[in-house]
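Following: one structure in structure tokens, then a few remarks.
The values are calculated or read from the model by the stated rules, or taken from the named source; none is laboratory data. No experiment lies behind these values; they were computed from the predicted model shown. Every residue, glycine as well, gets a Cβ built from its backbone with ideal geometry; the counts of neighbours run over all protein chains shown.
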Amino acid sequence: MKTIDVITSAAGNSFRSKARTILTVTAVFIGAFTLTITSAIGTGVSSYIDTQIAAFGAPDVLSVMKSTEATPEDAGPTPYDPERAAGAPFQDDTDPLTAKDLESIAAVPGILDVSAARNLAPRYIQYANSGRFELGVNANASLSTPQLAAGSQLSTQGSEPQILLVSNYVQSLGFSGPEDAVGKTVIIGVAEYSGVIREVQAVVAGVQTETILASGAALNPVLAGAIDDIQNTGKPAEMAALSALATAHFDPALDTAAVDGIKAELAGKGFVALTVADQIGVIQSVISGIIGILNAFAVIALIAAGFGIINTLFMSVQERTREIGLMKAMGMGGGRIYALFSLEAVFIGLLGSLIGAVAAVATGTVANTYLTGTVVADLEGLQVLRFAPAPMALVILLVMLIAFLAGTLPARRAARQNPIEALRYE
């Protein structure tokens, strides 16, 4: 029997007992469908995060703060330190950075410049005769290159106060669309330390899309400085200068080893320094862990389907004992018989995985349409389920491998049949 004959016979023999084969294919389908869906979720979310990191993560910025030493649980409360508390108007797990700290950070070889992060909290934003709306500011704006729906990035030069609005502010402020907002002047209300509200004007440089990594308006240095000055009006000098976080720029051409060296030297001085990739890596690890658990359940379902394949083929071997004996009597070798029954298992796995993959793509398309218009409507560009060819092909191959392994035992039993005893089998 030629190879092509073995393949066609295996495909035809798979449906000798249609009900049994359909039930087995259904079991394989469930596992393949689940594995394809979880793989698509992992691909979609990971792709979105990678895209955001590429846009969000400035490659030459470190977030620097003072390191904190963990206190053992059985050590009791931390003793009060008057020197540490002197001049600190608030208590926090992280000590505020002083001018000396900033000088120490700037002195590290490889650091180009360092500045304390400002805690900007404007009260409202207004355009023309629109209502007033609370304005959230992206504290990580200096670390980002936002994705824009319209306009241009903020200018770090010049004396014009500029703002990047978030897309969900556009209609509320009375603009017909993102393009209409670009170039318009908005009013921002800021409270002095005493509570008196003062207003500053800013030009809308562009409109950014909201992401899971950062939300809120971005301000250029001129506008940020103006808001910071108003907030600090009337505030005691020792409070105005305090900040728990600083941003430090380094040469983006430095390799990973050099950046690690900078972080190590800062650690030796009592600081913790993180790149954006370091901070986002935690999110990726959590997502990978969740996807891994979901994939494990899908694999368990496929293993259960494997036992169904074993049962189906064992029953097939038993029912076709005389046929096997006849094939051997006519000169068909054990290897060909083994291949015949193994291919039946592979065919069942292929059929179940293909149906599962097609059903997963159809379900994912509907789910993406629904989620994009509802749950993740604010996260532009997020496709929750992304069906990439390579992961889907890997799922199909994995299912076929499990099916082949499941069919090995029944195939070996068929190949070892004694032709004389098989012909006598009733």
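Any idea which of GLY373, GLY356 is crowded, with 22+ Cβ neighbours inside 10 Å and among the small types (Gly, Ala, Ser)?
After applying the criteria, what remains is GLY356.
For segment 322-426, list the helices (runs of 4 or more DSSP H) that sit wholly inside it and hold at least 3 residues that are in contact (Cβ under 8 Å) with a residue 12 or more places away in the chain and of a type in the set (Ser, Thr, Tyr); which are they?
Details: elements: 334-373, 389-415, 419-424.
Answer list for segment 322-426: 334-373.
Quick check: is even one residue across segment 349-368 over 43 Å from the mean Cα position of the chain (by Cα) and assigned by TED's automatic domain parsing to the domain that holds ARG416? Steps first, answer last, please.
Here is the first cut: in segment 349-368, the residues over 43 Å from the mean Cα position of the chain (by Cα) are none.
No - not one qualifying residue is present in segment 349-368.
Mind checking which pairs have a first residue in segment 39-60 that is assigned to a helix (DSSP H, G or I) and a second that is modelled with pLDDT of 70 or more and of a type in the set (Lys, Arg), Cβ under 7 Å, 6 or more apart or different chains?
ALA40/ARG386; THR43/ARG386; GLY44/ARG386; SER47/ARG386
Kindly indicate which of LEU313, LEU397 is of a type in the set (A, V, I, L, M) and either surrounded by fewer than 21 Cβ atoms within 10 Å (Cβ to Cβ) or at pLDDT 90 or above (or both). Let's see the steps before the verdict.
On the way: LEU313 fails: either surrounded by fewer than 21 Cβ atoms within 10 Å (Cβ to Cβ) or at pLDDT 90 or above (or both).
Just a single option satisfies the conditions, and that option is LEU397.
Could you tell me whether GLN208 is of a type in the set (S, T, N, Q) and either more than 18 Å from GLY136 (Cβ to Cβ) or crowded, with 20+ Cβ neighbours inside 10 Å (or both)? Outline the logic, then answer.
Values: of a type in the set (S, T, N, Q): yes; either more than 18 Å from GLY136 (Cβ to Cβ) or crowded, with 20+ Cβ neighbours inside 10 Å (or both): yes.
When the stated conditions are applied, GLN208 passes them.
Exactly one condition in (1) within 25 Å of SER130 (Cβ to Cβ); (2) modelled with pLDDT of 90 or more; (3) in a helix (DSSP H, G or I) is not met by GLY261; state its number.
Condition not satisfied by GLY261: (1).
Tally the residues that are closer than 13 Å to MET65 by Cα, among the small types (Gly, Ala, Ser) and surrounded by 14 or more Cβ atoms within 10 Å (Cβ to Cβ), restricting the search to segment 255-277.
Of the residues in that region, 1 qualify.
In the set ASP92, ASP101, ASP5, which member is at pLDDT 75 or above and among the charged types (D, E, K, R)?
Values: ASP92 fails: at pLDDT 75 or above; ASP5 fails: at pLDDT 75 or above.
On inspection, the qualifying residue turns out to be ASP101.
Just checking, which of VAL299, VAL286, VAL259 is β-branched (Val, Ile, Thr) and outside the structural domain of VAL28 (by TED's automatic domain parsing)? Full working, then the answer.
Numbers: VAL299 fails: outside the structural domain of VAL28 (by TED's automatic domain parsing); VAL286 fails: outside the structural domain of VAL28 (by TED's automatic domain parsing).
After ruling out the rest, the residue left standing is VAL259.
Taking the options VAL196, VAL166, VAL203, VAL190, name whichever one is under 14 Å from THR145 (Cα atoms) and among the β-branched types (Val, Ile, Thr). Steps first, please.
Values: VAL196 fails: under 14 Å from THR145 (Cα atoms); VAL203 fails: under 14 Å from THR145 (Cα atoms); VAL190 fails: under 14 Å from THR145 (Cα atoms).
Sole residue among the options that is under 14 Å from THR145 (Cα atoms) and among the β-branched types (Val, Ile, Thr): VAL166.
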